[in-house]
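Visitor: First, the structure itself, so that you have it in front of you.
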Amino acid sequence: NRGELPWDAAALRSVAVIGNNASAARTQGGGSATVVPAYTVSPLEGLRALAADRLTASDGSGARELYEAAIALDPDATLSREGLANVAVAALRQAEQAARQSDFAKAHAMLDLAQSLSAPREQWRQVDDAVRQREVAHAGLDGLMRRADAAHRAGQLEGEEGALPLYA
């Protein structure tokens with residue numbers, strides 16, 4: 001994909017997937033040994049889920065699950081492997097967005113997803129650091145630690161504004 005993917009789903013109006021094999025899963029060659037599987041999953045199904053920002057879903061309709069199913073049916077599926085890599089990068093993008101909206105549970109879930117899909121390590125670390133910094137700022141921990149340190153230096157260990165309860 002020459003660095004073209006992943007696309008930002010919010011910036012897209014449409015995507016054309018062209019060719020006879022765009023929506024048909026290719027699970028094997030052909031000939032006398034052909035066995036038709038009970039079901040197939042095409043990389044296009046994963047692309048649709050990815051474009052809808054549905055990265056993972058417990059019912060199997062998320063991009064991750066669809067790409068993994070396509071790989072299980074065809075271990076040589078290059079498009080599906082690239083699709084999983086794109087899911088990892090999209091999860092990092094969603095983690096950043098969730099942190100900006102102070103939805104830290106979703107941010108951490110997306111970081112976990114990206115890590116489980118082997119997102120680029122340095123990019124993952126940068127997003128993880130940014131999420132943690134936003135969490136600290138949101139919780140006001142910096143101010144709390146300054147108050148606790150000041151109380152400790154003043155020898156005030158107990159009481160409502162004492163160092164011990166503030167550190168706890």
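Visitor: Here is a check on your reading of the model: is A77 open to solvent by less than 50 Å² (accessible area, probe 1.4 Å), at pLDDT 90 or above and out of contact with any His (no Cβ under 7 Å at 6 or more places or on another chain)?
Guide: So A77 fails the test.
Visitor: If I ask for residues that are within 23 Å of E82 (Cα to Cα), surrounded by fewer than 21 Cβ atoms within 10 Å (Cβ to Cβ) and of a type in the set (A, V, I, L, M), which ones from region 92-116 would you list?
Guide: A109
Visitor: Could you grab me the full set of residues in region 43-61 that are in a loop (DSSP other than H, G, I, E, B) and either on the phi < 0 side of the Ramachandran plot or open to solvent by 70 Å² or more (accessible area, probe 1.4 Å) (or both)?
Guide: A52, R54, L55, T56, A57, S58, D59, S61
Visitor: Within region 67-168, which helices (runs of 4 or more DSSP H) (wholly inside it) include 1 or more residues that are over 30 Å from R48 (Cβ atoms)?
Guide: In region 67-168, the matching helices (runs of 4 or more DSSP H) lie at 121-139, 141-153, 163-167.
The values are calculated or read from the model by the stated rules, or taken from the named source; none is laboratory data. Predicted model only: the values in this text are computed from it and were never measured. Positions of Cβ are backbone-derived with ideal geometry, glycine not excepted, and every protein chain shown enters the neighbour counts. These area figures cover heavy atoms from the full protein model, side chains too; ligands, DNA and RNA do not enter into them. Shrake-Rupley method; radii C 1.70, N 1.55, O 1.52, S 1.80 Å.
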